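Undergrad: One structure, pasted below without further comment.
The values are calculated or read from the model by the stated rules, or taken from the named source; none is laboratory data. This structure is a prediction, so every number in the text was calculated from the model and none was measured. All Cβ positions, glycine included, derive from the backbone under ideal geometry; neighbour counts span all protein chains shown. With ligands, DNA and RNA removed, areas are computed over all heavy atoms of the protein, side chains included. Shrake-Rupley method; radii C 1.70, N 1.55, O 1.52, S 1.80 Å.
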Amino acid sequence: MAKLHFRPMPALTVILALSVALLIALGVWQYQRLQWKTALLEDIEASVTAPPLTSLSDLTDAIAADESVDFRRIGFTAAPIAGAPEYHLYKSQLGGIYWRVVQPLSDGRLTVLAKTETLESAVKEDQAVTPQETESAQYTGYVRKTYEMARVEGWVKSKANPEANRYFHFNQTGDWYDGLPANVIEGYYIDTQSAQSADDLAVRRPEIANNHFDYMLTWWSFALIFIIIYLLLHKRAGRLAFH
């Protein structure tokens, strides 16, 4: 009966062990990312296909019930808070430089930050901004979840200039909720749209790639290829044979 004779090359074996361990770890990481991204997409799909929320109270109830509300449609009646600060958030758009106005809206009980109008840069710099209305109105839009800047994003993104009221990330300085009523809805904002009702808004699905399964297979395939090359090198060197 043939027996396997194998004399591993020490240096090559150490290199293989380290490389394969790293590649397997990268594959496991992509598997974990796959699970997280799949759950995220399922939550967003449940949110965008849910019936529109009809008030800020509905929004807080949904958040309290741990429902996914990111990108969910909403319609509510509220009014800007007189004298409350509004913030100009940079909006990337062809044809010029624009700024989205972010201001607090209140329905008399709850307060939420909302992106309302868009200003051209020249209008903003000339301070020819329409005076803030304080009467109640019907608003429609999408609920959006706020995210803090990641570490690398914080390094590369343009810095906020509070004196010039210029921001490049939502709540970039972390103080937009300061001075607002205690019943403000933190962690979410409303991206308002021009529609008669929330039912008229199109379902908005974000384009989020989920290629982590392919990435996982790629890393593990590299690990298998490395093992095959390792064995072939040993076979050609006469260190791997059946006798």
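Undergrad: Being on the phi < 0 side of the Ramachandran plot and without any contact (Cβ under 8 Å) to a residue 60 or more places away in the chain narrows it down to one of T192, T173, so name that one.
TA: Values: T192 fails: without any contact (Cβ under 8 Å) to a residue 60 or more places away in the chain.
The match here is T173.
Matching residues to (1) open to solvent by less than 70 Å² (accessible area, probe 1.4 Å); (2) among the β-branched types (V, I, T); (3) modelled with pLDDT under 90; (4) under 28 Å from Y90 (Cα atoms):
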| position | (1), (2), (3), (4) |
| --- | --- |
| Q138 | no, no, no, yes |
| G141 | yes, no, no, yes |
| R144 | yes, no, no, yes |
| N165 | yes, no, no, yes |
| V184 | yes, yes, no, yes |
| T218 | yes, yes, no, no |
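Undergrad: If I ask for residues that are closer than 16 Å to I190 by Cα, in a strand (DSSP E or B) and either hydroxyl-bearing (S, T, Y) or open to solvent by 20 Å² or more (accessible area, probe 1.4 Å) (or both), which ones from segment 96-111 would you list?
TA: Once the filter is applied, which keeps residues that are closer than 16 Å to I190 by Cα, in a strand (DSSP E or B) and either hydroxyl-bearing (S, T, Y) or open to solvent by 20 Å² or more (accessible area, probe 1.4 Å) (or both), segment 96-111 yields R100, S106, T111.
Undergrad: Right, another one. Quick test of your reading of the structure: F76 fulfils all but one of (1) among the hydrophobic types (A, V, I, L, M, F, W, C); (2) closer than 21 Å to L201 by Cβ; (3) within 24 Å of the chain's Cα centre (by Cα). Name the failing condition by number.
TA: (3)
Undergrad: Now, a different point. Just need a number here: residues in segment 203-232 that are within 20 Å of the chain's Cα centre (by Cα) and free of Cβ contacts under 8 Å to residues at least 60 places away in the same chain.
TA: Of the residues in segment 203-232, 3 are within 20 Å of the chain's Cα centre (by Cα) and free of Cβ contacts under 8 Å to residues at least 60 places away in the same chain.
Undergrad: I need the full set of residues from segment 103-125 which are among the hydrophobic types (A, V, I, L, M, F, W, C) and modelled with pLDDT of 95 or more, in order please. Spell out the reasoning first.
TA: Going through segment 103-125, the residues among the hydrophobic types (A, V, I, L, M, F, W, C) turn out to be 105, 110, 112-114, 119, 122-123.
Matches in segment 103-125: L105, L110, V112, L113, A114.
Undergrad: Between N171, N165, which is more than 26 Å from L53 (Cα to Cα) and either in contact with a Phe, Trp or Tyr (Cβ under 8 Å, 6 or more places away or on another chain) or among the polar types (S, T, N, Q) (or both)? Steps first, please.
TA: Details: N171 fails: more than 26 Å from L53 (Cα to Cα).
Every option except N165 fails the conditions.
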